[in-house]
Amino acid sequence: MKVDVYSHFDHIRPLAMKGKNILSNIQALCATCHQAKTREDRVRIKKWKKKQGPLADFGIKPIRPPKFKF
Ligand SMILES: [Zn+2]
């Protein structure tokens, strides 16, 4: 990790996972770290999208059954 003027800006929570484009969600990474993070993000995004359900792209959330207390 070497942060200098050539550093990359990275979204800590990817925009694809509804991460916000705000300063607190942005970190500086060197090119090497950014590449590694992007690889990890791709896996995270894939898992996250699966959890959101196949209709998430249309703004439809999966219906979860109500929780019952016994
Ligand atoms: Zn680095």
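The values are calculated or read from the model by the stated rules, or taken from the named source; none is laboratory data. Computed from a prediction, not measured in an experiment: that's the story for all the values here. FYI the Cβ positions are ideal-geometry reconstructions off the backbone, even for glycines, and counts take in every protein chain you see.
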Against the conditions (1) under 30 Å from Phe58 (Cβ atoms); (2) surrounded by 12 or more Cβ atoms within 10 Å (Cβ to Cβ); (3) small (Gly, Ala, Ser), where does Ala28 fall short? Just the number, please. (1)
Of all residues in segment 3-26, how many are of a type in the set (Lys, Arg) and at pLDDT 95 or above? 2
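Of all residues in segment 13-25, which are touching a helix residue (DSSP H, G or I) at 6+ places or on another chain (Cβ under 7 Å) and exposed (fewer than 12 other Cβ atoms within 10 Å of the Cβ)? I'd like the intermediate steps shown before the answer.
Just the residues of segment 13-25 that are touching a helix residue (DSSP H, G or I) at 6+ places or on another chain (Cβ under 7 Å), to begin with: 13-14, 16-17, 19, 21.
Passing the criteria: only Asn21.
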Of the residues Leu29, Leu55, only one is in contact with a strand residue (DSSP E or B) (Cβ under 6 Å, 6 or more places away or on another chain), modelled with pLDDT under 95 and of a type in the set (A, V, I, L, M); which? Leu29
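Give the number of residues within segment 1-58 that are away from the ligand (no atom under 16 Å from the Cβ) and assigned to a helix (DSSP H, G or I). Break it down into steps so the answer makes sense when it comes.
Pass one, segment 1-58, residues away from the ligand (no atom under 16 Å from the Cβ): 11, 13-25, 42-58.
From the residues that got through so far, the ones that are assigned to a helix (DSSP H, G or I) too are 15-17, 23-25, 42-52, 56-58.
Residues flagged as away from the ligand (no atom under 16 Å from the Cβ) and assigned to a helix (DSSP H, G or I) within segment 1-58 amount to 20.
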Would you confirm whether or not segment 37-48 contains a residue that is surrounded by 10 or more Cβ atoms within 10 Å (Cβ to Cβ) and more than 15 Å from the chain's Cα centre (by Cα)? no
Test Ile60 against the stated conditions and say whether it is of a type outside the set (D, E, K, R), over 16 Å from Met1 (Cβ atoms) and in contact (Cβ under 8 Å) with a residue 24 or more places away in the chain. no
